[in-house]
Amino acid sequence: MTETNELILKKLGDLLRSRREHLSYSQRDVASMTGLTMTTIAAMERGSGSTMHNFLLVCRALNFQPRKFFPEDMDLTPLYDISPQSKSRIDLRTKLERLVSESDFFTVPRRVSEVLEELDYDRSVSNKFSVYLSAYCREGELEYVKTGNVKRYIKAKSPTKE
């Protein structure tokens, strides 16, 4: 079962309150040690949303390691699916990364059209691939040879050690 964020925040709030009470601190004490308002401390103890910054301030005030709030793994399944456009972009980038980094495809100069054919994409995404391949050039994984208006991409030569 996926715990909702609200339930997780409620548990965190209960732990904060329990720790504060164990130390015999009032909400005013914690507020003065953190620079936060008593309203913020009370909201955190109720499980109302807070910032990571505020959470860490309260952990410091209570001398309580944040990892103690999460002794067990949480179900981190996203509440919503990623968009189809994002899935497509990630798939494209993953395939291209494998082609560049894990294959010998670019041991000879390749045009964008050859990359598209190898990865089974149509020409409608050629501009996108040109941008991606240029990024690999900036990162030093590929370089290009230009003949007229045509770029051909090839594995970058490793710098020789002298």
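Residues of the range 10-49 that are in a loop (DSSP other than H, G, I, E, B) and without any contact (Cβ under 8 Å) to a residue 24 or more places away in the chain: SER24, SER26, GLY35, LEU36, THR37. Taking THR51 as the residue in question, decide whether it is open to solvent by 70 Å² or more (accessible area, probe 1.4 Å), β-branched (Val, Ile, Thr) and within 30 Å of ARG19 (Cβ to Cβ). Yes, satisfied. For the range 11-38, residues that are among the basic types (Lys, Arg) and either surrounded by 16 or more Cβ atoms within 10 Å (Cβ to Cβ) or touching a Lys or Arg at 6+ places or on another chain (Cβ under 6 Å) (or both) total 3. Taking the conditions (1) touching a Phe, Trp or Tyr at 6+ places or on another chain (Cβ under 6 Å); (2) on the phi > 0 side of the Ramachandran plot in turn, VAL112 satisfies each one other than (2).
Is it the case, given these coordinates, that LEU56 is open to solvent by 60 Å² or more (accessible area, probe 1.4 Å) and part of a helix (DSSP H, G or I)? Spelling it out, LEU56 is indeed open to solvent by 60 Å² or more (accessible area, probe 1.4 Å) and part of a helix (DSSP H, G or I).
The values are calculated or read from the model by the stated rules, or taken from the named source; none is laboratory data. The structure presented is a predicted model; accordingly, all values stated were derived computationally and were not measured. Ideal geometry is used to build each Cβ from the backbone, glycine not excepted, and the neighbour counts take in all protein chains shown. For the accessible areas, the whole protein counts, side chains as well, though only heavy atoms, and no ligand, DNA or RNA atoms are used. Shrake-Rupley method; radii C 1.70, N 1.55, O 1.52, S 1.80 Å.
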